[in-house]
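J.: Sharing a structure, written as C-alpha cells. Questions coming.
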Amino acid sequence: LWNETGKRIGLLAASKVLVVSNRKVHGLYGPALEQSLVNVGIKYQKILIPDGEPFKILATVEKILDRLVGGGFDRDAIVIALGGGVIGDIAGFAAAAYMRGIRVVQIPTTLLSQVDSSVGGKTGVNHPKGKNLIGAFHQPSLVIADVVTLKTLPTDEVLCGVAEVIKYGCISSKQFFLYLEKNIGQLVSLDPVVTAKTVNTSCQIKAAVVASDEREAGLRATLNFGHTVGHALEAVTGYKRYKHGHAVAIGMRAAAELSQLKGRIDEKEKERIKNLIEVAGLPVQIPESLTTDALMAAMGQDKKVSRGVIRFVLLDGIGSCSVVDDVSVKEIAESIRLSR
Ligand SMILES: NC(=O)c1ccc[n+]([C@@H]2O[C@H](COP(=O)([O-])OP(=O)(O)OC[C@H]3O[C@@H](n4cnc5c(N)ncnc54)[C@H](O)[C@@H]3O)[C@@H](O)[C@H]2O)c1
C-alpha cells in the first residue's frame, strides 16, 4: 500500500508532517513511507523514540511535543504514527494534546495494532501506578494497515494480535469464529488473503462497537472479553512473564469457563473456544504457581472494576456477549480452578 499511502495522506492537505516511529520499525519501513510522501511532494520531519512499553510515558510525549513546538507545527499539521500499538498510543496522545488536537494518521505495523489499537481512538501513556492511566480519545483521520509489514514481526507478536482476533469472533460474530476455526493456521502463518480478510473483519467489528459507544459507557466494555483475568495475570507476574495477548488468551478461556458455569454457554461451545486458542498456539492454562487469592486481589484493583464490583464480559453463545456484574467470588474462584 505504500504507493497509495502518500496519495491518501496528500488528500489531508497538511501544513506540515511529523513522522513518529522507533529505530526498528523505521529501519524496516521508514524509507518506503518517506518515498511515498516524497512522491506526492510532501515534506516531513521525523522523530524516533525508544522502542518498548517502558517508554510509553509522559516524558516521551513531551519530547514529541517539544519537536512540534520547535518545528513551528500549526493546527493544520499532522502526526503520522508508524509502528505498533506503543507508537500509535504515544503519537496519538501527543497529537491529541498539541494545540488541543491536531490530526493523526495511524500506520500500524503489528497485527495487534492493525486489528485493535489503531482503530477506535484510544490514545495515551502509562503512569507508574498503572497502565494507560493517562490519555485521550482522539480518532485517527486515516488508518493504513498493510499486512505485508507483518512479515517481519516475531511469531509471539503475531500471536498477541491473534488473541484479539479470536476475541472478536467470540463476542460479536459466530460467522467470523467459524472462519477462524477453518483458517487459524493460515492466519498464524500470515497468509496474505486470510490476514487481509481478518484485519478487515476485525476493524469492522471494532469500529461498529466504538461507533455506538466511543467513550465506553456500555457496549465498548465488551471489547474487554478475557481482560479481567488477563490483566490480573499480567499484574501478579509484574508484567514480565506474559505478553498481553497471551494473558488475554488465558483470560478468554477463564471467561468461557465462567460463562459455562453461569449456564450461558454449553460444554461444547466452551471446548471450541479453548480449542481455537490452543490451536493458534496461545496458552490456555493458569499456572498452579499463581494463587487464586493473588489473582482475585489483582482483579479487585483493576481500573475496570466499577464501584467495587468485578465486572466480567461473559458469552451468551459464540458470537454474542454481555457485561455482567453478578458474579460471586466463589464462581470466579471456581473458573480459575477449572482453568488450571
Ligand atoms: N489504543 C488502544 O485501543 C489499544 C488497544 C490494545 C492495545 N493497546 C496498546 O498497544 C500496545 C501494544 O502494542 P503492540 O502489541 O503492537 O506492541 P509494540 O508496539 O510494542 O510492538 C511490539 C514490538 O514489535 C516491533 N515491531 C512493530 N512492527 C514491527 C514489524 N512490522 N516488524 C518487526 N517488528 C515490529 C516493535 O518495535 C516492538 O518491539 C500496548 O501499549 C497496549 O496498551 C492500545
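Readers should treat all values here as calculations from the given coordinates under stated rules, not as data from a laboratory. Being a predicted model, the structure only gives us computed values, none of them experimental. In this analysis, Cβ positions are derived from the backbone assuming ideal geometry, glycine residues included, and neighbour counts consider all displayed protein chains.
J.: So if each residue of separation counts as 0.36 nm, and I subtract the Cα-Cα distance between R8 and V193, what length gain in nm does that give?
T.: Extending this stretch completely gives an extra 64.3 nm.
J.: Between R23 and T292, with labels modelled 7 Å along Cα→Cβ, what's the label distance in nm to one decimal, could you check?
T.: Rounded to a tenth, the inter-label distance reads 4.8 nm.
J.: Using r as the Cβ-Cβ distance of A208 and K174, and R0 as 22 Å, what FRET efficiency do you calculate, to the nearest 0.05?
T.: For R0 = 22 Å, the calculated efficiency reads 0.90.
J.: Rounded to the nearest 5, what is the percent of antiparallel bridges among the DSSP beta bridges in the chain?
T.: 40
J.: Mind giving me the nanometre distance, one decimal, between the label points for K240 and K131, set 7 Å out from Cα along Cα→Cβ?
T.: 1.7
J.: Does the range 83-165 come out rounded, prolate or oblate by the C-alpha gyration tensor, with a ≥ b ≥ c the root eigenvalues, rounded set by a/c under 1.5 and, if not, prolate when a/b is larger than b/c and oblate if not?
T.: Judged from the Cα gyration tensor, the range 83-165 comes out oblate (a/c at least 1.5, b/c at or above a/b).
J.: Could you run the Karplus curve 6.51 cos²θ - 1.76 cosθ + 1.60 with θ = phi - 60° over the range 268-282 and give me ³J(HN,Hα) per residue in whole Hz, x for Gly and Pro?
T.: Karplus values, whole Hz, x for Gly and Pro: 5, 5, 4, 5, 5, 5, 4, 5, 4, 4, 5, 5, 5, x, 9.
J.: Separate question: Could you list which residues have their amide H under 5 Å from that of V19, counting only those 5 or more apart in sequence or on another chain, with H placed in the peptide plane?
T.: Here Q45, K46, I47, I80 satisfy the definition.
J.: Give me the angle, in degrees from 0 to 90, between the Cα long axis of helix 329-338 and the longest principal axis of the Cα atoms of the chain, rounded to the nearest 10.
T.: 90
J.: How far is the Cα center of the range 1-71 from the Cα center of the range 224-299, in Å?
T.: Cα centroid to Cα centroid, the span is 36 Å.
J.: Assuming a ≥ b ≥ c are the square roots of the Cα gyration tensor eigenvalues, decide whether the range 189-247 counts as rounded (a/c under 1.5), prolate (otherwise, with a/b larger than b/c) or oblate.
T.: oblate
J.: Semi-axes of the equivalent ellipsoid of the chain: what are they in whole Å, largest first, if each equals the square root of 5 times a C-alpha gyration tensor eigenvalue?
T.: Whole-Å semi-axes of the equivalent ellipsoid: 36, 22, 17.
J.: Another one. For the range 311-328, what does the Karplus curve 6.51 cos²θ - 1.76 cosθ + 1.60, with θ = phi - 60°, yield as ³J(HN,Hα) per residue in whole Hz, taken in order and with x for Gly and Pro?
T.: Once θ is set to phi - 60°, the couplings for the range 311-328 become 9, 10, 9, 10, 8, 10, x, 6, x, 8, 7, 9, 8, 10, 10, 9, 9, 7 Hz.
J.: Near K46, which lysines are there with a Cα under 22 Å away, not counting those fewer than 8 places off in the same chain?
T.: K7, K16, K24, K56, K63
J.: Between Q35 and A217, take the C-beta separation as r, use R0 = 51 Å, and let me know the FRET efficiency to the nearest 0.05.
T.: Given R0 = 51 Å and the Cβ-Cβ separation, E is 0.75.
J.: Tell me which residues come under 5 Å, amide H to amide H, from C321 once H is placed; ignore anything under 5 positions away on its chain.
T.: Long-range HN contacts for C321: D316.
J.: Could you check which residue among S322, S289, S172 shows the biggest mean-square fluctuation in a GNM of the chain with a 10 Å Cα cutoff?
T.: Among S322, S289, S172, the largest GNM mean-square fluctuation belongs to S289.
J.: Using θ = phi - 60° and the Karplus curve 6.51 cos²θ - 1.76 cosθ + 1.60, what whole-Hz ³J(HN,Hα) does each residue of the range 224-241 get, with Gly and Pro shown as x?
T.: Coupling constants for the range 224-241: 8, 3, x, 8, 5, 6, x, 5, 4, 4, 5, 5, 6, 9, x, 6, 10, 7 Hz.
J.: Further, regarding this structure: Mind listing the long-range amide H neighbours of N132? Cut-off is under 5 Å, sequence gap 5 or more, other chains count too, H placed in the peptide plane at 1.01 Å from N.
T.: Those lying under 5 Å, H to H, from N132 are N126, H127.
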